[in-house]
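Working notes, structure below.
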Amino acid sequence: MHREWLDYDMLMRHARDPDDVLAQTFARVIMASARGTLAAPGVGMGLDRLRFGALVACYFPGADVQLFGAACNPAAPCADCTPLPSDEFDDLVQLLLEHRSDDSEQTEWLAYAIASGCMGGDHLYQDMGLPDRQALSTLLARHFSALMAKNSANMKWKKFLYKQLCDRAEVRACSAPSCQVCDEYHKCFGPEDDSGLAQLSAISQRGPNAAEVQLPDWLVDVPDAYRAQVTVPFRHERFEDEPSRAYKILAYDRNGECCYYRHHYELTQVALDDDDNFYEEQAYFEEVKAWRLASGQWLSCTIRGGQAGDCRERSLRPEYAVVPERPR
């Protein structure tokens, strides 16, 4: 294959549907493989010749000549389309396929594309040529929803996938007893950013861009001094009561023990506006969050407020306390 003629635009000119997200994703991973930016270069994404040929025929009909040569024989072996010789790669594919949302060929091909991206040296979305982490998360949510649900702590995707492999093999890859007490926490969790500034700001909540950092929802309101002591949740449950505008969230660690709690409720009252029309307004609200600490105690944060029209109530300082048990 003549790689000097192979580029993203060439593939997309052959795309059956140029707006198809999977077509764009496959084209980018094929390009990354062809450029040799992944550990095992080759355009086939670890697929054998027949399966990769089926992918090309499905998404890029007519591109097989540029990819495989003018005298293309679908049954012939191809040096660029041989499976990657790596137990690690096979384990990643198997992990993804075990959590697939459907049995389609497209989802199987995507599993190989993601595993190929894991062979690179940058963040997974970058190695796959995707614009940002959200693009990757959207693909995973759609095609590997069970795996997406497991990453409730917002661990970076490549690290999360490899951690799943280590856990399955009962291999301890980190010297820290748990994530929440690890000095390298920010390298595994939070925003994926080239400079590292956003990661650092997300953990310390300091720095010029701190207000712009999107923390995992469960970590919001944890003070700096306790950030390394809270237990990281891996599974969340949410309960809602719409009539009373109330909800409760319980989150659990890897051992199934509750490590995060949150509730919110509102009381309303009927009021009259200036035109003597009745409307419902908030009379009182309460929100409580609590995090289990490494010591076994709980850090709680309580915010209470009065009428909706009084914006001063919303700016009240949260009340923190360390208590022996979680709120109920």
>> Only one of Ala173, Ala146, Ala169 is modelled with pLDDT of 90 or more and exposed (fewer than 15 other Cβ atoms within 10 Å of the Cβ). Can you tell me which?
In response: Ala146
> Only one residue in Leu50, Leu22 is surrounded by fewer than 21 Cβ atoms within 10 Å (Cβ to Cβ), of a type outside the set (Ser, Thr, Tyr), at pLDDT below 90 and in a helix (DSSP H, G or I). Which one?
Replying inline: Leu50
>> I need every pair where a residue in segment 14-29 that is under 10 Å from Leu130 (Cβ atoms) has its Cβ under 9 Å from the Cβ of a residue that is crowded, with 19+ Cβ neighbours inside 10 Å and of a type in the set (Ser, Thr, Tyr), sequence separation at least 6 or different chains.
In response: Val29/Tyr112; Val29/Ser116
>> Return the pair list, or none, for Cβ contacts closer than 7 Å from residues in segment 260-280 that are closer than 30 Å to Trp298 by Cα to residues that are of a type in the set (Lys, Arg) and not in a strand (DSSP E or B), at least 6 apart or on different chains.
In response: Tyr261/Arg326; Tyr265/Arg245; Glu266/Arg245
> Given the conditions (1) modelled with pLDDT of 50 or more; (2) of a type outside the set (D, E, K, R); (3) crowded, with 19+ Cβ neighbours inside 10 Å, which single one is not true for Pro243?
Replying inline: (3)
>> I need the full set of residues from segment 100-125 which are free of Cβ contacts under 8 Å to residues at least 60 places away in the same chain and in a helix (DSSP H, G or I), in order please.
In response: Glu105, Thr107, Glu108, Ala111, Ile114, Leu124
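I'm trying to understand the selection: among the residues of segment 254-272, which are in a strand (DSSP E or B) and at pLDDT 85 or above?
Cys258, Cys259, Tyr260, Tyr261, Arg262, His263, His264
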> If we keep just the residues of segment 276-328 that are loosely packed, with under 12 Cβ neighbours inside 10 Å and of a type in the set (Ser, Thr, Tyr), which is modelled with the lowest pLDDT?
Replying inline: Ser315
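The values are calculated or read from the model by the stated rules, or taken from the named source; none is laboratory data. Because the structure is predicted, anything quoted here is derived from the model rather than measured. Cβ atoms come from the backbone with ideal geometry, glycine included; neighbour counts cover every protein chain shown.
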